[in-house]
Amino acid sequence: MGKIIFANWKKRVTTEAEAVELARGTDAKGLVLVPPHVFLREVAAVVKHAELGVQDYAPDAFVSGARYALVGHADRRVAGDTDSIVAEKFALAVRDGLVPVLCVGESRSERDSGVTNSVLKRQIVSGFSRLMNLESRILNPLVYIAYEPVWAISGGADVEQCSSEIATQRIAYIKEQLLHWGYGITAKYLYGGSVTSKNAAEYLHSKDIDGLLVGAVSVIPKELKKIWHSASKS
Ligand code: PGA
């Protein structure tokens, strides 16, 4: 079985026709298409092989065809989602039967001042805090944790590439936290931040990384297919 690729379209697709065309052109098993919420139902109506996700938890996500919900993505945290809002959305997603993808990652200034681990720990501990009160945790829900260093996400100024070694180290630290806090859940781990067809294989090579969260190039079918191809072999 190959590794999983999440295609986070963000706001790069702006019309229904574009959304449907992109979904048809990239519909493959092992891919999770994450369109803007307004196009979710239209995309759900045309895909046959890919799974679907939402860019942020929404109460109608599950009934509209999504199986996954990103929570705490850097874009949402910048837009005002506090740790406590993220925790609430994470728990609501599980309650609704969605698989949540908790996005965590330090900013450039946090990294430069040496507090990366404490930021990751805070985002994890706080992210799980509401889930632990839910009865559904007894069912051992599957969750994904995406390590997305803010300084490596494309679109900002001075974007840097996060090496696969650093990504692997950070994910190892996140795993330790989950073990340490004994959440008793099944977690899988993604890396996200300027992934392209040129560097995808390096991350996919890491045995600690179960898949990738791809932003900018996820709306370029040729690029996405190459990444998907690397993932299906790993
Ligand atoms: P990027 O975005 O691949 O464009 O860096 C990743 C993300 O924000 O999910």
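The values are calculated or read from the model by the stated rules, or taken from the named source; none is laboratory data. A quick note: this is a predicted structure, and the numbers were derived from the prediction, not measured. Cβ atoms come from the backbone with ideal geometry, glycine included; neighbour counts cover every protein chain shown. Accessible surface is based on the protein model in full, side chains and every heavy atom, while ligands, DNA and RNA are left aside. Shrake-Rupley method; radii C 1.70, N 1.55, O 1.52, S 1.80 Å.
The fraction of accessible area contributed by carbon and sulfur in the chain is 55 percent, rounded to a whole number (1.4 Å probe; ligands and nucleic acids excluded). Over 16 Å apart: what share of the alpha carbon pairs of segment 13-96 falls there, rounded to a whole percent? So the pairs more than 16 Å apart make up 51 percent of the total in segment 13-96. Normalising the average separation of contacting C-alpha pairs (under 8 angstrom, six or more residues apart) by the number of residues puts the relative contact order of segment 66-143 at 38 percent.
Computed per residue of the chain from DSSP H runs no shorter than four, each worth -39500 (n - 2.57), the mean residue ellipticity at 222 nm is -11500 deg cm²/dmol. For the set K89/K233; K121/K233; K11/K188; K121/K226; K29/K121; K89/K226, the pairs lying more than 30 angstrom apart at their alpha carbons are K89/K233; K121/K233; K121/K226; K29/K121; K89/K226.
When the chain is treated as a Gaussian network with alpha carbon springs shorter than 10 Å, the biggest mean-square fluctuation among V150, V38, V54 belongs to V38.
Largest GNM mean-square fluctuation among N117, N133, N199, using the chain with Cα springs under 10 Å: N133.
A simple spin-label model places pseudo-atoms 7 Å from Cα toward Cβ; at T15 and D27 they are separated by 2.1 nm. Taking every Cα-Cα distance in segment 95-231 and sorting them into 5 Å bins from zero, the calculated P(r) comes out as 2, 10, 20, 21, 19, 14, 10, 4, 0 percent. A viscosity of 0.890 mPa s and a temperature of 25 °C, combined with the Kirkwood radius over Cα pairs in Stokes-Einstein, give a translational diffusion coefficient for the chain of 140 µm²/s.
Hey, can you find the accessible area per residue of the chain for me, probe 1.4 Å, expressed in square angstrom?
Values: 10670 Å² over 234 residues.
That works out to 46 Å² per residue.
In the assembled protein chains, D60 presents an accessible area of approximately 50 Å² (probe radius 1.4 Å). Of the DSSP H helices in the chain, those with a Cα length along their own long axis of 24 Å or more and a mean Kyte-Doolittle hydropathy reaching -1.0 comprise 164-181.
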